[in-house]
Amino acid sequence: MRLKDKIAIVTGAGSGFGRGIAERFAQEGAKVVIADINGPAAEMVAAEIGKNAMAVNGDVSVNDEVSLMIEQTIKRWERIDILVNNAGTTHRNKPMTEVTEKEFDQIFAVNVKSVYLTAHHCVPLMKKQGHGVILNVASTAGVRPRPGLAWYNTSKGSMITATKAMAIELAPDKIRVNAINPVAGETGMLHLFMGEDTPEKRKQFVSSIPWGRLSLPSDMANAALFLCSDEAEMVTGSCVEVDGGRCI
């Protein structure tokens, strides 16, 4: 049990990578908060995991809802050992000048502001308890941008910079901060990355990944497990590509 009795919050855990991470953490002994803007999805995942999971419905871009998420976690389990900032969104693949201001604001609220908000509420608690781990789920898009996703790429680049800045500032408080950079995978956002989900588009997408396949939630879960475990005590400020060689 690599996370035995750890308390973990995973945002966007109602589906996709977040669900995979939450389920893996629970298998390794963690008590997991399934936080998601889709309340029924969060409830379903929590029910499947069982007594060591709690569903919280909330929008990570809204301060009051993040505050409530933290309060509910503390009320039930008294501390927070691990925070996984996984919730994210994107715009459909299209020229940068066709992305609306509303779409731009939403992307930065969910992908970037959320990291600020969760830190605002979690870091003081982690400092007080003398330890903590934060994992940001960024993207290969922040390392090797793709055409048609300019503002999504930019938001993920911001997450990567935030990871490094947070890590250096919080190291004296024994709070580690890392990121994983997934390549596109079998999640609900795949069709947006490609513009349209067709066999031809998938073939073109997969051809850019040397390993020869899209990523899976289990790929992210295994990387997250190591980075959030005590085995990675000396690892902070790292942004790990989980991408089948996409960024080489």
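Read-outs: derived from the displayed coordinates by stated rules, not from any lab. Remember, it's a predicted structure, so these values are computed and weren't measured experimentally. Neighbour counts run over all protein chains shown; Cβ positions are idealised from the backbone, glycine included.
Using 0.36 nm per residue of separation minus the Cα-Cα distance, give me the extension gain between E65 and I168 in nm, one decimal.
34.3 nm
Grab the beta carbon distance between E48 and Q106, set R0 = 41 Å, and tell me the FRET efficiency rounded to 0.05.
Here the calculated transfer efficiency is 0.90.
Write down, largest first, the equivalent ellipsoid semi-axes of the chain in whole Å, where each equals the square root of 5 times an eigenvalue of the alpha-carbon gyration tensor.
Sorted largest first and rounded, they come to 28, 19, 18 Å.
Name the residues whose placed amide hydrogens come within less than 5 Å of the amide hydrogen of V240, ignoring near sequence neighbours (fewer than 5 apart) on the same chain.
A179, I180, N181
Over the range 45-159, what is the mean sequence separation of C-alpha contacts under 8 Å (at least six apart), divided by residue count, expressed as relative contact order in percent?
Relative contact order for the range 45-159 comes out at 31 percent.
Do you know the relative contact order of the chain, to the nearest whole percent, from alpha carbon pairs under 8 angstrom that are 6+ apart?
Dividing the mean separation by the residue count of the chain yields 20 percent.
What residues have an amide H closer than 5 Å to that of M54, excluding those fewer than 5 places away on the same chain, when H is modeled at 1.01 Å from N in the peptide plane?
V32, V33, I34
Out of all DSSP beta bridges with both ends in the range 7-242, state the antiparallel percent to the nearest 5.
The antiparallel proportion sits near 0 percent.
So for the chain, taking the charge dipole from beta-carbon charges (+1 Lys/Arg, -1 Asp/Glu), which of Q106, V242, Y152 sits furthest toward the positive end?
V242
In Å and from the alpha-carbon atoms only, list the Rg and Dmax of the range 53-112.
Final numbers for Rg and Dmax: 15.1, 47 Å.
HN-Hα J couplings of the range 39-52 from phi, Karplus 6.51/-1.76/1.60, θ = phi - 60°, integer Hz, Gly and Pro as x?
Whole-Hz 3J(HN,Hα) from phi for the range 39-52: x, x, 5, 4, 4, 5, 5, 4, 5, 5, 6, x, 5, 8.
Show that you can apply the helix-only estimate: for the chain, add -39,500 (n - 2.57) for every DSSP H stretch of four or more residues, divide by all residues, and state [θ] at 222 nm to the nearest 500.
Value at 222 nm, helices only: -13500 deg cm²/dmol.
Return a whole-number percent for the relative contact order of the range 123-171, with Cα pairs under 8 Å and 6 or more residues apart as the contact set.
Over the range 123-171, the number comes to 31 percent.
Can you sort E71, E241 from fewest to most other Cβ atoms within 10 Å of each residue's own Cβ?
Ascending number of Cβ neighbours within 10 Å: E71, E241.
Across the range 70-87, in residue order, what do the Karplus-derived ³J(HN,Hα) couplings come to in whole Hz, using 6.51 cos²θ - 1.76 cosθ + 1.60 with θ = phi - 60° and x for Gly and Pro?
The phi angles translate into 5, 4, 5, 5, 5, 4, 8, 10, 6, 7, 9, 8, 9, 10, 10, 8, 9, 4 Hz.
With +1 on each Lys and Arg Cβ and -1 on each Asp and Glu Cβ, how big is the dipole of the chain about its Cα centre, in debye rounded to the nearest 20?
The calculation lands at about 380 debye.
Could you tally the net charge around N38, taking each other residue with its Cβ under 12 Å from the Cβ of N38, Lys/Arg +1 and Asp/Glu -1?
Neighbourhood net charge equals -2.
Within 13 Å, Cβ to Cβ, of M69, how many net charges do the neighbouring residues add up to if Lys/Arg are +1 and Asp/Glu are -1?
Every neighbour counted, the sum reads -3.
What FRET efficiency comes out for E196 versus Q129 if R0 is 45 angstrom and r is the Cβ-Cβ distance? Round to the nearest 0.05.
Efficiency at R0 = 45 Å is approximately 0.45.
Can you work out ³J(HN,Hα) from phi for every residue in the range 209-216, in order, using Karplus 6.51 cos²θ - 1.76 cosθ + 1.60 and θ = phi - 60°, giving whole Hz and x for Gly and Pro?
10, x, 5, x, 7, 6, 7, 10
Quick one: net charge of N136's neighbours, Cβ under 11 Å, K/R +1, D/E -1?
It works out to a net charge of +2.
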